[in-house]
Structure formats: structure tokens, C-alpha cells
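One structure is given below, encoded as C-alpha cells.
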Amino acid sequence: MNAYLHCLSHTPLVGYVDPAQPVLDEVDGVIAAARERIAAFDPELVVLFAPDHYNGFFYDVMPPFCLGVGATAIGDFSSAAGELPVPTDIAEACAHYTMKNGIDLAVSYCMQVDHGFAQPLEFLLGGLDSRPVLPIFINGVATPLPGFQRTRMMGEVIGRFLTTLNKRVLILGSGGLSHQPPVPELAKVDAHMRDRLLGSGKHLPPNERELRQRRVIEAAEKFIEDQKSLHPLNPVWDNQFMTLLEQKRLGELDAVSNEELSAIAGKSTHEIKTWVAAFAALSAFGDYRTEGRYYRPIPEWIAGFGSLSARSQN
Ligand SMILES: O=C(O)/C=C/c1cccc(O)c1O
Ligand SMILES: [Fe+2]
């Protein structure tokens with residue numbers, strides 16, 4: 001019974017607005033090394049905590065957490081599209097266990113996911129379907145958001161469930177660190193976008209999909225020139241956060257409110273709750289040791305870009 005963890009920033013801007021070649025090579029090297037460690041661990045099951053960006057979850061029903069008993073990636077930007085291989089029996093057992101243990105976890109038998117889920121599976125495992133996956137959505141953009149404490153508790157319960165399986169489990173967290181790309185906010189949008197955020201955005205017409213992606217690409221191009229055009233990246237916060245995880249001080253984040261986090265590091269930084277859930281799940285396996293820590297602010301990708309592995313010690 002052991003577990004391996006990897007948390008990785010994602011960004012759909014890879015291949016659209018890239019940093020200089022030496023930075024690309026550096027990131028490629030970091031990801032290749034993580035992929036090798038994961039391959040050596042040879043996971044039998046992957047648990048993936050990831051957010052959504054108004055591609056699968058909308059304000060018709062917006063859960064803080066949702067387990068996909070079935071899930072399909074839409075292939076936004078250049079991410080992979082297709083069905084995720086979710087083991088139904090394990091997913092259903094996980095949902096029951098989690099609900100019985102005090103966490104209200106929504107379930108979806110047809111969860112639609114985007115690059116937030118697809119990218120780590122592609123980068124770290126070579127594709128969407130290489131291993132059985134339990135995909136767990138954590139709302140990181142649509143207020144009201146879950147807080148750090150609740151997210152940590154959810155991760156701990158999922159982790160306890162995983163320890164019952166007697167399998168080699170890979171736990172992934174996808175997103176963050178500091179960043180604020182141009183994601184629409186319900187309180188600020190016009191009637192058309194409001195309708196999209198309330199649910200009609202689930203099947204965007206191709207021209208609107210193209211416009212949406214163009215808006216993000218243009219924001220990245222502008223951000224390279226003017227780092228005040230979006231909320232600035234915050235390497236100090238990002239490094240403090242990674243140190244907290246390394247030092248097993250997750251609980252200290254409970255005191256940070258969502259409003260504070262948005263102000264410190266940007267409104268999409270809530271994606272780091274996927275890292276908190278992942279580390280909390282790993283902690284259910286006992287002591288852990290981190291490895292492969294990497295961080296670099298990459299404005300081209302609108303991302304405080306981080307990568308961190310950890311292995312359970314028993
Ligand atoms: O518009 C989107 O779908 C999201 C874009 C984005 C950009 C940069 C970093 C991220 O984590 C993103 O999801
Ligand atoms: Fe994101």
C-alpha cells in the first residue's frame with residue numbers, strides 16, 4: 001500500500017505563446033524527469049484533482065467538488081480529447097465512502113472536463129487512457145469557492161479511501177500557482193456571457209470557441225509586454241506555498257481566506273487547492289518525502305509554473 005504524488009501547473013498556452021527555448025527545455029526536462037519517476041512507480045490507479053474553466057461546470061449547478069464516475073475531455077486549445085478510463089466500481093465506492101465520512105462530494109456519470117484534466121494525463125502519463133483514473137473536480141473559478149480547510153478535509157477522506165484499495169496509487173494535482181488569466185465572472189458579464197455561464201457554454205459554437213481561445217492568447221501576449229495588464233504573478237507566495245507542502249504544514253493554509261488568496265496571487269490561484277487535496281490524500285498513507293521541486297514564473301503561459309513530487313514513506 002503506497003502512493004506517489006505529482007502536482008503540476010497547467011496552462012493551455014503551451015504551443016501558442018511559448019517562453020524562450022532554454023526555458024521550454026528546462027520545463028520539458030522537469031516534466032520528463034517526473035514522467036520517469038511515475039513510470040518507475042508504475043501506478044495501478046490515478047486520482048486526479050483538477051479544476052474546470054467553464055467548459056464542464058456552470059452556474060446551473062456548481063458543486064465545490066465532483067467525482068467523475070464517467071468523464072470526457074473536450075480537447076480545448078490543443079489538449080487531448082476523449083473518454084477517461086474511469087473504473088466505475090472504484091469510483092462508486094469512493095463516492096459512497098466519502099459521503100459516509102462527512103464530505104459532500106457530488107458525482108457525475110458524464111463529467112465534461114478540459115485542459116485542466118487532460119494536460120497532466122498527457123504530460124505525465126502519455127495520454128488520457130494509459131491508466132485507470134478517478135477524476136475529481138475542485139471548483140477554482142466560480143464563486144462561491146470551497147476554502148482551504150474543506151478542500152484539505154476532502155483530500156484526507158479520499159486518501160483514507162485509497163489506502164483501503166491495496167493498490168499503487170498515483171495522486172495528481174493540476175493547476176496554479178499564482179495567476180489570473182481572463183476568466184469571465186458572473187457579476188461582471190453581459191447577458192450573452194451570463195447565458196453561457198449559466199450552462200449554454202457547455203457546447204460552444206466553433207466561432208465562439210475560437211474567439212474565447214484568441215482572447216486568452218492575446219492576454220498572454222500583452223502580459224509579456226506589461227505584467228500589470230493582468231494580476232501579477234507572485235513568486236514569493238508560490239514558493240512559500242510549496243515550502244508549506246514540503247514541510248507538511250497544510251493546516252496553516254486554513255487561515256487564508258479565498259478573498260485574501262485572490263488579492264495575494266490572483267483569482268485563478270484557487271487552482272492550488274488541487275495541490276492541497278493531493279497532499280492531504282497522500283498524508284493518509286503516512287509520512288511522505290518530496291522530490292523534484294521546480295518553480296519559475298512564466299508570463300508567456302500566464303502561470304507561476306510549479307512542479308513537485310512526493311512519495312509515501314512506508
Ligand atoms: O481560458 C481558459 O480556459 C484558461 C486559461 C488558462 C491560462 C493560464 C493558466 C491556466 O491555468 C489556465 O487555465
Ligand atoms: Fe487553469
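Does residue 48 fit the bill of being at pLDDT 95 or above, assigned to a strand (DSSP E or B) and within 18 Å of the chain's Cα centre (by Cα)? When the stated conditions are applied, residue 48 passes them. None of 30, 46 is touching a residue at least 24 places away in the same chain (Cβ under 8 Å), in contact with a strand residue (DSSP E or B) (Cβ under 7 Å, 6 or more places away or on another chain), more than 16 Å from ligand 2 (Cβ to nearest atom) and within 22 Å of residue 157 (Cα to Cα) except 46.
Taking region 167-202 as the region of interest, how many residues are loosely packed, with under 12 Cβ neighbours inside 10 Å and within 11 Å of ligand 1 (Cβ to nearest atom)? Count: 0. So, of the residues in region 101-134 that are among the polar types (S, T, N, Q) and assigned to a loop (DSSP other than H, G, I, E, B), which turns out to be farthest from residue 284 (Cα to Cα)? Top of the filtered list is 130. Of the numbered criteria (1) touching a Lys or Arg at 6+ places or on another chain (Cβ under 9 Å); (2) more than 16 Å from ligand 2 (Cβ to nearest atom); (3) closer than 21 Å to residue 113 by Cβ, the one residue 56 fails is (2). For beta carbons closer than 6 Å, sequence separation of 6+ or different chains, a first residue in region 151-176 that is over 13 Å from residue 288 (Cβ atoms) and among the charged types (D, E, K, R) and a second that is modelled with pLDDT of 95 or more and within 16 Å of ligand 2 (Cβ to nearest atom), the qualifying pairs are 152/276.
One line per residue, one yes/no per condition, for (1) touching a residue at least 60 places away in the same chain (Cβ under 8 Å); (2) more than 30 Å from residue 110 (Cβ to Cβ); (3) away from ligand 1 (no atom under 16 Å from the Cβ); (4) of a type outside the set (D, E, K, R):
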residue: 204; (1), (2), (3), (4): no, no, no, yes
residue: 246; (1), (2), (3), (4): yes, yes, yes, no
residue: 266; (1), (2), (3), (4): yes, yes, no, yes
residue: 271; (1), (2), (3), (4): yes, no, no, no
residue: 283; (1), (2), (3), (4): yes, yes, yes, yes
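How many of the residues in region 118-144 are within 15 Å of ligand 1 (Cβ to nearest atom), under 13 Å from residue 66 (Cα atoms) and either surrounded by fewer than 20 Cβ atoms within 10 Å (Cβ to Cβ) or not β-branched (Val, Ile, Thr) (or both)? Going through region 118-144 one residue at a time, the tally reaches 3.
Looking only at region 269-277, decide whether some residue is hydroxyl-bearing (Ser, Thr, Tyr), within 16 Å of ligand 2 (Cβ to nearest atom), in contact with a helix residue (DSSP H, G or I) (Cβ under 7 Å, 6 or more places away or on another chain) and assigned to a helix (DSSP H, G or I). Quick ask: steps written out before the conclusion?
Of all residues in region 269-277, those hydroxyl-bearing (Ser, Thr, Tyr) come to 269, 274.
With within 16 Å of ligand 2 (Cβ to nearest atom) added as a condition, the list becomes 269, 274.
Filter once more, keeping what is in contact with a helix residue (DSSP H, G or I) (Cβ under 7 Å, 6 or more places away or on another chain): 269.
Among the residues that remain, those that are also assigned to a helix (DSSP H, G or I) are: 269.
Yes, that holds for at least one residue.
The values are calculated or read from the model by the stated rules, or taken from the named source; none is laboratory data. For clarity, every value in this text was computed on a predicted model and none was experimentally measured. Counting neighbours? That spans all protein chains shown, and the Cβs are built from the backbone with ideal geometry, glycine included.
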